[in-house]
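Undergrad: Input: one structure, supplied below.
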Amino acid sequence: MSPAGSCVFCKIAAGEIPATVVKRADGMLAFKDLSPQAPTHLLVIPTTHVSSLNDAKDAGTLGKLLAFARDIAQETGIATKGYRVVLNTNPDGGQTVFHLHLHVLGGRPMHWPPG
Ligand code: AMP
Ligand code: ZN
């Protein structure tokens, strides 16, 4: 089986497993994180499988992903007060799902440094 074939986020993108989808457009998808770490905690993914930032060869996709996260922050009402976009990469970065995704967190003040 290909990596994409067993990938939980590919299955969400294909509608094969349930998720609370917030927005889908232009090859991007935003849905609620199953284990929210803030009042608003969304994941933004390209619907085509890319394992991690290290494997993201297409700068256009990365730009669209970031713009999509910015738009979703505006549309969910967290942009003015502020929010955090997180991209965990590989084990030391805290990545547990190996399909490229941005976390969009907001609705409370964030702390720094991260753990
Ligand atoms: P990361 O640790 O950066 O790879 O983040 C993976 C995120 O995916 C975690 O915050 C999980 O809570 C979230 N997650 C895992 N499975 C699902 C799922 N089926 N639906 C929604 N979020 C999920
Ligand atoms: Zn995938």
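Undergrad: Taking only the alpha-carbon positions of the chain and ignoring solvent, what does the Debye formula give for the base-10 log of I(q)/I(0) at q = 0.13, 0.23 Å⁻¹?
TA: Values, matching the q order: -0.47, -1.48.
Undergrad: Tell me, what % of the accessible area of the chain is carbon and sulfur with a 1.4 angstrom probe?
TA: Of the solvent-accessible surface of the chain, carbon and sulfur hold 55 percent.
Undergrad: How large is ³J(HN,Hα), in whole Hz, for each residue of region 86-103 in order, when computed from phi with the Karplus curve 6.51 cos²θ - 1.76 cosθ + 1.60 and θ = phi - 60°, using x for Gly and Pro?
TA: 10, 10, 7, 10, 6, x, 5, x, x, 6, 10, 10, 9, 9, 2, 8, 9, 8
Undergrad: Using only Cα atoms, find the angle between the long axis of helix 59-75 and the longest principal axis of the chain, and express it within 0 to 90 degrees, rounded to the nearest 10.
TA: 40 degrees
Undergrad: How large is the charge dipole for the chain, taken about the Cα centre, if only the Cβ atoms of Lys, Arg (+1) and Asp, Glu (-1) carry charge, to the nearest 20 debye?
TA: 280 debye
Undergrad: Now, a different point. Would you mind working out the accessible area per residue for the chain, using a 1.4 Å probe, and quoting it in Å²?
TA: 59 Å²
Undergrad: When Lys and Arg each count +1 and Asp and Glu each count -1, what net charge do the other residues less than 15 Å away from GLY5, Cβ to Cβ, add up to?
TA: Taking every Cβ under 15 Å from that of GLY5, the sum is 0.
Undergrad: Just the accessible area for LYS64, please: 1.4 Å probe, Å², rounded to the nearest 10?
TA: 90 Å²
Undergrad: Turning to a different aspect of this structure: Would you please give the residues with an amide H less than 5 Å from that of ASN88, counting only those at least 5 places away or on a separate chain, with H modeled from the backbone geometry?
TA: When sequence neighbours closer than 5 places are left aside, the close amide H contacts are HIS103.
Undergrad: Sort the following peptides by mean Cβ neighbour count (other Cβ atoms within 10 Å, averaged over residues), highest first: 82-92, 66-76.
TA: Top to bottom by mean Cβ count within 10 Å: 66-76, 82-92.
The values are calculated or read from the model by the stated rules, or taken from the named source; none is laboratory data. Note that the coordinates shown come from a computational prediction; the quantities given were computed from them, not determined experimentally. Backbone-built Cβ (ideal geometry, glycine too); neighbour counts: all protein chains shown. For the accessible areas, the whole protein counts, side chains as well, though only heavy atoms, and no ligand, DNA or RNA atoms are used. Shrake-Rupley method; radii C 1.70, N 1.55, O 1.52, S 1.80 Å.
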